[in-house]
Structures are given as C-alpha cells and as structure tokens.
Amino acid sequence: MSKKLSDNLNYLSRLTPKRAWNAFRIYSSFQASRLTKRAAHTGMPISISFEPTTSCNLRCPECPSGLRSFTRPTGMLKKELFESTIDQLADTLTYLTFYFQGEPYLHTQFLEMVSYASQKNIYTATSTNAHYLKDDIAKATVESGLDRLIISIDGTSQDTYQSYRVGGSLDKVIDGTSTILKWKRKLKSKTPHVIFQFLVVKPNEHQIPEVYALATKLGVDEVKLKTAQIYDYHNGSDLIPTIEKYSRYKKGMNGIYEIKSGLLNHCWKMWHSCVVTWDGKIVPCCFDKDAHFVLGDLNKNTFEEIWQGEQYNQFRASLLRSRNEIEICKNCSEGLKVWA
C-alpha cells in the first residue's frame, strides 16, 4: 500500500455516520446555493484551522508573520478556548489544521492540544518550518497522534532556501525531518504522514527535481508543490516562477499581471471550513491573514451561533453575488494549487 493511500484511509477512518451525514448536508447546501444564487446553508464545518500563535522565528517576504506587519493583535492560543471549541464540534468535525499564521511549535502547549483532538478521533495536521523538531519534541509529536506533518522546504541548498525562508537553516529542516522519521520507526507508528511542501518561486524552481530526490533519500512520505501568493503581483515580482504551470499569475497584453483562473462567484470553503485566530475570532479562510473579515468571536458566542448566524450568511451571499466585491478574494488561488 502506498503511503499516500495509507494517509487517505487514515482520514476516511475518522468518518462516523454522524460526520458523513453532516458532510452530505454541507455539500448539498453548497450545490443548492450555487444553483439558486441564494446562501442556503445546513450542517457544521467539516474542517477548521486553529491558529496556535502569530509568532514566527523566520522572516519570509510574503508572510505577515515574517514581515511583522500584522495590524491585528498577536499572541498565543489559550488551551481552554481550544478545548471548549473542539468539544462543541467533535461530533461532526473530521479534519483539524493547527496552522494559520506563525510557527505552531512556538506554542508550549501545542502538542497537548493535538493530543486532545486526536482523542476525539479528529484527523489532525500542522505545517512547520521544522526548526524546533529536537529529539524530545519529535518523539512527543509522534506520540501526540498528529496525523499529518507538513514541513516547508523551499530549497535544496542553503542559499536558495534562505532566499525565501529568511533567517532559516536548511540543515535544521533536514535534521528535524530525520528526527521525526527516526521516532516514527522507533515507535512503529504510521503517523504523522510527513510531507515536504515546496513553495515554487523563481529562485527555487530549478530545484524541483532535487527536492524529490532529497525526500526519497530521507524517507519522506510525500512531496507537494505549492504555488505562491504574491501580494503586489500586478507589476510582476522576482518571486513569480518562469515555469507557467507553477504560477498563479499571467502577464496580460497590457503588461499587467492577473490571476490566471479568474474569479468564480462561489467558494466551497465558505460552506465547509473556517479559520479560528489565536484570540478566538472566526474569519472566512486562510486568505484573511490580518482578520479584516471577522464573522464572530468565540469568547462571546457559541460556534454554531456564529457559523449559522446572519453575518456569516451575508458573507456567503456576497460571494454568490460577486467575488470581486471582497478584497481577500481578489488574490485567491482556490483550486490553483499544484499537487505533485
């Protein structure tokens, strides 16, 4: 059995009759909304993302954490808020991502929260720059029950890697990866499914074959290529790849860059998932990095009150009218990821 298939089966094993029925209700209401252009919505989210922290050790040029450019408050997720929310969602939630902005391993209770969700039989995933995967943390990661570990590795040489992961060390990434894989073997664990995620930009696009070779050498389970979001893309950028299929943008006849796909007036994410910031604010998706579109506050309302509330449904309705009306949707790559 392939490692990717094993990971997929692991996810599917989390489905219960109640979770499957909820997923059917969500999908049906989404399709009905597309057809009628009215924001019908039933069910609870299939997946959510929790932000453990906004803090990060690196200074990546297209990341608010790296640029230290947030206008919203920064801080650490309270474990009590996390557990309260998971208790509300556990019957219907199947997928939980511990990531939005920041480096999750900077949160001292991160792996405790992973364990809490794992005990509820929820599939858990996170994304890390792998600089903190020392021996004890790597062992604890495997023991936590984490199902998927995405490791950002945007270069196979230090010069290329640090051109985007500013302040980072490729050696630490490789050492951290090796340590995780060592503890998987020692503990005879099938999880976490370890993925090398390669953000394809112009400085590293020539190293795509090399990241596959490195993954094979280390024993990494999977490689995923990801297209890069560029904030100020209209006049081009040194980060936009020259290999067309790895770019979200194309140059128009007038010399101005635009998103390749155009903007469809619907979005599956608005029906099945959302993001919870470290301080309990619910925002539509991972493109709202500075939380400009806060749809509710878990410190004031239950998750269901927010998810089924008037403000959320008005946001969904605005998508069905015109996605161009919403600022965070104008540079959205929904459906444009390049999976290897």
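The values are calculated or read from the model by the stated rules, or taken from the named source; none is laboratory data. The model shown is predicted, which means the values in this text are computed figures rather than measured ones. Here the Cβ positions follow ideal geometry from the backbone for every residue, glycine too, while neighbour counts run over all protein chains shown. Note: areas computed on protein heavy atoms with side chains; ligands, DNA, RNA excluded. Shrake-Rupley method; radii C 1.70, N 1.55, O 1.52, S 1.80 Å.
From the list 128, 97, 108, pick out the single residue that is open to solvent by less than 70 Å² (accessible area, probe 1.4 Å) and farther than 24 Å from residue 43 by Cβ.
Working: 97 fails: farther than 24 Å from residue 43 by Cβ; 108 fails: open to solvent by less than 70 Å² (accessible area, probe 1.4 Å).
Exactly one of 128, 97, 108 is open to solvent by less than 70 Å² (accessible area, probe 1.4 Å) and farther than 24 Å from residue 43 by Cβ, namely 128.
Among the residues making up the range 254-273, a single one is farther than 15 Å from residue 332 by Cα and in contact with a strand residue (DSSP E or B) (Cβ under 6 Å, 6 or more places away or on another chain): 273. For the range 139-160, the criterion of being touching a Lys or Arg at 6+ places or on another chain (Cβ under 8 Å), of a type in the set (Asp, Glu) and open to solvent by less than 60 Å² (accessible area, probe 1.4 Å) is satisfied by at least one residue.
Would you mind finding the one in 32, 20 that is under 28 Å from residue 314 (Cα atoms), at pLDDT 95 or above and surrounded by fewer than 18 Cβ atoms within 10 Å (Cβ to Cβ)?
On the way: 32 fails: at pLDDT 95 or above.
One residue alone meets the criteria, 20.
What do you reckon, is residue 14 open to solvent by 30 Å² or more (accessible area, probe 1.4 Å) and either under 17 Å from residue 312 (Cβ atoms) or not small (Gly, Ala, Ser) (or both)? Spell out how you get there, then give the answer.
Working: open to solvent by 30 Å² or more (accessible area, probe 1.4 Å): no; either under 17 Å from residue 312 (Cβ atoms) or not small (Gly, Ala, Ser) (or both): yes.
So residue 14 fails the test.
Looking at 184, 188, just one residue is open to solvent by 40 Å² or more (accessible area, probe 1.4 Å), closer than 20 Å to residue 145 by Cα and out of contact with any Leu (no Cβ under 6 Å at 6 or more places or on another chain), and that residue is 188.
Looking at the range 239-249, is at least one residue under 29 Å from residue 134 (Cα atoms) and either part of a helix (DSSP H, G or I) or open to solvent by 20 Å² or more (accessible area, probe 1.4 Å) (or both)? Checked against the condition, which is being under 29 Å from residue 134 (Cα atoms) and either part of a helix (DSSP H, G or I) or open to solvent by 20 Å² or more (accessible area, probe 1.4 Å) (or both), the range 239-249 yields no hits at all. Condition check for residue 235 on (1) out of contact with any Gly (no Cβ under 7 Å at 6 or more places or on another chain); (2) outside any loop (DSSP other than H, G, I, E, B); (3) open to solvent by 70 Å² or more (accessible area, probe 1.4 Å); (4) at pLDDT below 95: one failure, at (2).
With respect to residue 42, determine if the residue is crowded, with 19+ Cβ neighbours inside 10 Å and either touching a Pro at 6+ places or on another chain (Cβ under 9 Å) or in a loop (DSSP other than H, G, I, E, B) (or both). No, not satisfied.
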